[in-house]
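Novice: Before anything else, here's the structure in question.
The values are calculated or read from the model by the stated rules, or taken from the named source; none is laboratory data. These figures come from a predicted structure and were not determined experimentally. When we count neighbours, we look across all protein chains shown, and the Cβ atoms used for this are built from the backbone with ideal geometry, even at glycine.
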Amino acid sequence: MTMTPEAKIWRILQKIDDAIAIAPSGEPVFVDIKDLEKKIPREEQEQIFTKLAKDHQLFEIQKKPDYKSNFRYQLQITDADLFRAALNEAHIKHFGSLEMLTGDNFFSVVDVAADIMNQLQMTMANEVTIPLLPSIVRFSSLMPADSINLRDDYCSHRWKAIGYLKNNNHIEDFVLNRDGAFHRWEQTITIIVDRTKFTKFYERLMDVYKKRVRFPDKETENKTATTIPELPTQKVEIIGGQIKAEIEGLEKGLSAIAKTNEEEKKNKFPYKLPAGTEWKNFIIQFLNKEEVYIQVNRFKHNENYAKMGFADNRFSVPKPNEGWTFLWVLAKYNGELTIKDPDAKDTYKKQKELVSKALKSYFSMESDPFYPYQETKSYKTRFTLLPPPKESEEKGKKYQIPQTEVEQDSVDEEIRQYFEEQAPQVYDDKQGW
């Protein structure tokens with residue numbers, strides 16, 4: 001694959017940084033570039049070194065390679081802090097380049113850029129206004145179904161994509177327009193662009209897009225920004241601050257999980273949680289592989305995976321999805337799974353996101369039920385997550401959902417005993433949870 005300009009600059013700066021690491025302080029730095037010729041032509045290497053020295057003044061070139069017996073640049077670093085700042089900036093540009101964007105990050109940029117281009121086609125100005133929540137969802141992976149949390153997630157994707165365009169100088173500036181918006185989803189964003197620069201970026205974006213997306217026929221490959229060939233779309237109409245979603249079609253595999261508004265209301269925690277409820281107030285204990293016992297302060301409830309939004313409906317008979325499997329594994333480790341644990345998998349990052357979305361939707365909570373990974377270096381729940389009762393595991397029998405108050409109290413007693421043994425300071429006999 002052809003390297004991008006950002007990748008070439010990053011590769012050379014990284015090579016210089018490696019040489020700096022072994023050079024004595026204040027001494028010349030020798031950079032061997034022989035292995036770079038396979039990916040970066042010699043002429044381009046010379047241009048980049050000259051640009052970094054002349055335009056950015058990161059170093060002085062004391063000696064160039066002769067490409068016969070010597071393939072080394074001899075450099076004198078003039079300002080170590082300036083070089084480090086340039087290295088960090090190159091890292092940002094390289095890993096933020098179009099070619100490095102993946103998944104929903106890439107689709108979010110395409111989605112927003114297409115809206116901007118569509119508006120530019122209708123005006124001679126360098127300023128356009130696009131909706132925060134558009135009436136057409138181009139990519140169903142950005143909003144696979146209609147719910148409050150998924151709408152907010154979609155708006156967040158678009159907002160971050162606009163920030164990406166600004167940070168990478170593809171647009172000049174942007175501002176969120178709140179005036180006149182009855183609801184947060186009715187807000188608009190004004191974008192200021194350099195038309196020539198943005199058009200060049202958009203053309204490159206479409207080239208990358210066409211390479212990644214498989215089109216049904218040649219005819220669709222020639223369609224422009226107004227009709228980007230993609231999966232069936234989802235129309236969202238805002239009426240008086242309320243959302244009426246008319247699902248025309250969703251990507252195969254996601255269409256089965258699209259819910260009507262009536263179904264959404266059913267698949268909610270049956271009690272209205274008081275203001276100020278936090279995830280630390282939640283206790284979720286598996287009863288078996290399909291059901292859990294939930295306790296939030298004084299509220300107690302038994303629920304199954306399907307009603308909590310964890311059903312994989314691609315099968316004729318719904319099964320628990322990957323998110324539910326991840327939650328089950330987490331419960332085995334009492335709500336915290338590190339990369340060193342034998343059950344850890346690379347796919348858990350995506351499955352953790354599925355769990356987070358499902359739980360926020362089911363309990364109508366806005367905050368993330370997980371601690372930031374960067375903070376804990378693990379997948380750790382903010383709520384208490386427990387495996388099935390020990391008695392059920394020891395006797396090898398399936399635990400039955402408690403039907404009577406007496407049976408329910410026995411589950412409460414097991415949880416109380418667990419906390420008295422593991423973390424007595426968490427439980428207060430007088431106040432409960």
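Novice: Every residue in segment 316-325 that is surrounded by 18 or more Cβ atoms within 10 Å (Cβ to Cβ) and of a type in the set (Ser, Thr, Tyr), please.
Specialist: THR325
Novice: What's the total number of residues in segment 19-42 that are in a helix (DSSP H, G or I) and under 21 Å from THR4 (Cα atoms)?
Specialist: Step one: filter segment 19-42 for residues in a helix (DSSP H, G or I), giving 19-22, 34-38, 42.
Going one step further and asking which of them are under 21 Å from THR4 (Cα atoms), we end up with 34-38, 42.
Result for segment 19-42: 6.
Novice: Could you figure out which of (1) free of Cβ contacts under 8 Å to residues at least 60 places away in the same chain; (2) surrounded by 15 or more Cβ atoms within 10 Å (Cβ to Cβ); (3) under 17 Å from LEU82 (Cα atoms) isn't true of ILE20?
Specialist: It is condition (1) that ILE20 fails.
Novice: I need the helices (runs of 4 or more DSSP H) fully contained in segment 326-427, keeping only those with at least 3 residues that are crowded, with 16+ Cβ neighbours inside 10 Å and modelled with pLDDT of 70 or more.
Specialist: Numbers: elements: 348-363, 373-376, 390-395, 405-422.
Per the criteria, 348-363.
Novice: Follow-up. Filter segment 43-88 down to residues that are part of a helix (DSSP H, G or I) and of a type in the set (Lys, Arg) and give me whichever is modelled with the lowest pLDDT.
Specialist: We begin by selecting, within segment 43-88, every residue part of a helix (DSSP H, G or I); these are 43-54, 80-88.
The next check asks that each one be of a type in the set (Lys, Arg); those that pass are 51, 54, 84.
On the way: LYS51: 93, LYS54: 91, ARG84: 88.
Top of the filtered list is ARG84.
Novice: Could you give me the residue pairs with C-beta distances under 9 Å whose first residue belongs to segment 41-61 and is under 19 Å from ALA80 (Cβ atoms), whose second residue is among the acidic types (Asp, Glu) wherever it lies, and which are 6+ apart or on separate chains?
Specialist: Listed by first residue and then by second, the contacts come to ALA53/GLU60; GLN57/ASP79; LEU58/ASP79; PHE59/ASP79.
Novice: Go through segment 107-143 and count every residue that is part of a loop (DSSP other than H, G, I, E, B), in contact with a Phe, Trp or Tyr (Cβ under 7 Å, 6 or more places away or on another chain) and not hydrophobic (A, V, I, L, M, F, W, C). Write out each step before concluding.
Specialist: Of all residues in segment 107-143, those part of a loop (DSSP other than H, G, I, E, B) come to 121-126, 132-135, 138-143.
Checking the rest, the ones that are also in contact with a Phe, Trp or Tyr (Cβ under 7 Å, 6 or more places away or on another chain) come to 132-133, 139, 141-143.
Filter again for not hydrophobic (A, V, I, L, M, F, W, C), leaving 141.
Count: 1.
Novice: Please verify whether ASN297 is closer than 13 Å to PRO388 by Cα, modelled with pLDDT under 95, surrounded by fewer than 19 Cβ atoms within 10 Å (Cβ to Cβ) and more than 25 Å from the chain's Cα centre (by Cα), treating the condition exactly as stated.
Specialist: Working: closer than 13 Å to PRO388 by Cα: no; modelled with pLDDT under 95: yes; surrounded by fewer than 19 Cβ atoms within 10 Å (Cβ to Cβ): yes; more than 25 Å from the chain's Cα centre (by Cα): yes.
No.
Novice: Another question, then. Considering only residues that are under 15 Å from SER156 (Cα atoms) and touching a strand residue (DSSP E or B) at 6+ places or on another chain (Cβ under 7 Å), which ones fall in segment 184-202? Break it down into steps so the answer makes sense when it comes.
Specialist: Step one: of segment 184-202, the residues under 15 Å from SER156 (Cα atoms) are 184-189.
Those that are under 15 Å from SER156 (Cα atoms) and touching a strand residue (DSSP E or B) at 6+ places or on another chain (Cβ under 7 Å): TRP185, GLU186, GLN187, THR188, ILE189.
Novice: For segment 37-49, does any single residue satisfy the condition of being of a type in the set (S, T, N, Q), surrounded by 13 or more Cβ atoms within 10 Å (Cβ to Cβ) and under 23 Å from LEU205 (Cβ atoms)? Let's see the steps before the verdict.
Specialist: Of the residues in segment 37-49, the ones of a type in the set (S, T, N, Q) are 45, 47.
Next cut, surrounded by 13 or more Cβ atoms within 10 Å (Cβ to Cβ) only: 45, 47.
The next check asks that each one be under 23 Å from LEU205 (Cβ atoms); those that pass are none.
Within segment 37-49, none of the residues are of a type in the set (S, T, N, Q), surrounded by 13 or more Cβ atoms within 10 Å (Cβ to Cβ) and under 23 Å from LEU205 (Cβ atoms).
Novice: Are there any strands (runs of 3 or more DSSP E) wholly within segment 272-320 with 3 or more residues that are in the same structural domain as LEU354 (by TED's automatic domain parsing) and in contact with a Leu (Cβ under 6 Å, 6 or more places away or on another chain), and if so which? Before you say what the answer is, go through the steps one by one.
Specialist: Working: elements: 282-286, 291-296, 299-304.
Answer list for segment 272-320: none.
Novice: Okay, next question. Any residue in segment 62-81 that is closer than 30 Å to TYR209 by Cβ, outside the structural domain of ASN169 (by TED's automatic domain parsing) and not acidic (Asp, Glu)?
Specialist: First pass over segment 62-81, keeping only residues closer than 30 Å to TYR209 by Cβ: none.
No, segment 62-81 has no match at all.
Novice: Would you mind finding the one in ALA90, ALA80 that is crowded, with 21+ Cβ neighbours inside 10 Å and either in contact (Cβ under 8 Å) with a residue 40 or more places away in the chain or within 30 Å of LEU36 (Cα to Cα) (or both)?
Specialist: Working: ALA80 fails: crowded, with 21+ Cβ neighbours inside 10 Å.
Unique residue meeting the criteria: ALA90.
Novice: Return the residues of segment 360-372 that are under 17 Å from ASN334 (Cα atoms) and in contact with a helix residue (DSSP H, G or I) (Cβ under 8 Å, 6 or more places away or on another chain); say none if nothing qualifies.
Specialist: Within segment 360-372, PRO369, PHE370 meet the criteria.
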